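Working notes for the structure below.
Here, each number is a calculation from the coordinates, and none is a lab measurement. Quantities reported herein were computed from a predicted structural model and do not represent experimental measurements. Cβ placement follows ideal geometry from the backbone for every residue including glycine, while neighbour counts extend to all protein chains displayed.
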Amino acid sequence: MSLRLDELCAASYAELRQKVLLNRLAAPRRNPAFLPAAASSPREATTCMTTHTRPARAGDQSYLKRLNRSAILELVRQEPGLSRAELAARTHVTKVTVGTVVQELLDEGWLTEGTLQHGGLGRPGRPVHLNEDRHVIIGADVGVQGLRVVATTLTGRVLTRHVHDGPTGDPDTAAATLAALITAAQNDPAARDRQLLGLGVAVPGPVSQPGHLLLLAPNLGWRDVPFLDLLSAHLPALPGLTLLENEANAAAFAESYLRGRDAPDMLAYLSLGSGIGAGLVVGAPEPRLLRGAGHLAGEIGHTVLQPGGLYCHCGNRGCAETLLSGWAIRAALGIPHGPLVEAVNARLDEPEVQVTLRRAGEALGLLLTNLNHTLNPSEIVLGGPLTRLGGPLMPAALDFFHEHQHHLYATAPPTRVQVRTDSTLLAARGVAAQVLARTIRSAESGVVA
């Protein structure tokens, strides 16, 4: 049946208002000049939406209700402790609507509400928080030298962790071992009585989205691996959302998403391990990963620093990984197997080790400088096992970076560089956070309760 023009106008106007509402979650930290202005009437809305593509949404109050739920959940995640009145003011939704939505989310176990708080403007209010006692999300990280699984709450707090140390092996072996760790996490007393929202898996290579295909993991020798399919064969009854993500992307997402309103405008995370990768996140109005046209954004370990240099696992010569990665340091120092960090730190008094680490540090400093000049992130975070190496590696990298900040950045705010020496679980926590983010954003299908 055809729709009348006034019905189309009402649908367009309602959806435009909801999009503006979601964008306003970033205020006041973002510049309001860059936020779209709301139309003052349905007639004005149709002026800028004459090619409305979803007329089936006309009059769909259920859809608008889900958008309100999504907006309120996201705002509570970013700013825990807001009252219902504050939520209404921040989202520009009526107090009645906010009260109804919050009560439903309380009844369903998504939120908790504290005791009355006095001393502010207006009537006393109750602070609203995400409920940490109802749901669980599982995040897994497939590394070159081990597997890690965590079960987390809605706020990212780790309830339990399960780790397998040692070579990862082929895809089938890795899937079977990881499935056993996931099952152990599900059955752990800290998680087994909770509702599972889903599973996220981080892998050491670029991933096609939304096909969930691991395109290449050169340090594992894997190519075009449908890893979630292999994993699901061992976990046929796993409920909830499942997703596959690049390890550095997952860690970058954790660094930004789990900070709530304190997330930087743009963050770059460098994963320093057996290989070298980067995750890039833009933080407004909520963290979004930069993936690139071919899902290869962040493959910084395969940028060429030494033309005609050593051959890399990717097939090129002179990649950053030939100077800086864990496998390059192993090859240079003759450490074929076993824990790398412990082996290197035990030999720090050897001149050969000092030269190797200083060369690796200068390569890292060059990577940081090029990254800063290319993208100018507000913050760079260094994580991964190599951050725990002693000797000159990290000092040489940071010295090189700071020495090359003249001229172009003389009047600009300095880019903050942080070193995470304990980032073992960061990728697993980050991919679990992505499950939550996608669940909250799923307004089209409704928030899973």
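This ranking places 269, 257, 63 by how few other beta-carbon atoms lie within 10 Å of each, fewest first, which gives 63, 257, 269. Take the Cα of residue 237, step 7 Å toward its Cβ, do the same at residue 209, and the gap between the two points is 3.3 nm. Applying 1/(1 + (r/R0)^6) with r as the Cβ-Cβ distance of residue 117 and residue 65 and R0 = 22 angstrom yields a FRET efficiency of 0.20. The residues 299, 113, when put in order of fewest to most other Cβ atoms within 10 Å, stand as 113, 299.
Model label sites at residue 94 and residue 346, defined 7 Å from Cα along the beta-carbon direction, differ in position by 7.1 nm. Our coupling estimate for the range 247-254, obtained by passing each phi through the Karplus curve with A = 6.51, B = -1.76, C = 1.60 and θ = phi - 60°, is 4, 5, 4, 4, 5, 4, 4, 4 Hz, Gly and Pro reported as x. Between residue 310 and residue 155, full extension at 0.36 nm per residue minus the direct alpha carbon distance yields a gain of 51.4 nm.
Working ranking of peptides 196-207, 222-233 by packing, defined as the average number of other Cβ atoms within 10 Å per residue, highest first, is 196-207, 222-233.
Remark: spin-label model distance residue 224-residue 399 equals 4.8 nm, labels positioned 7 Å along the Cα→Cβ axis.
What the Cβ-Cβ distance of residue 129 and residue 412 gives, at R0 = 45 Å and to the nearest 0.05, is a FRET efficiency of 0.75. The calculated FRET efficiency for the pair residue 176 and residue 337, based on their C-beta separation and a Förster distance of 25 Å, comes to about 0.65. Computed from phi, the 3J(HN,Hα) profile of the range 373-381 under the Karplus parametrisation 6.51, -1.76, 1.60 (θ = phi - 60°) reads 6, 7, 10, 6, x, 6, 8, 10, 10 Hz, with x in place of Gly and Pro.
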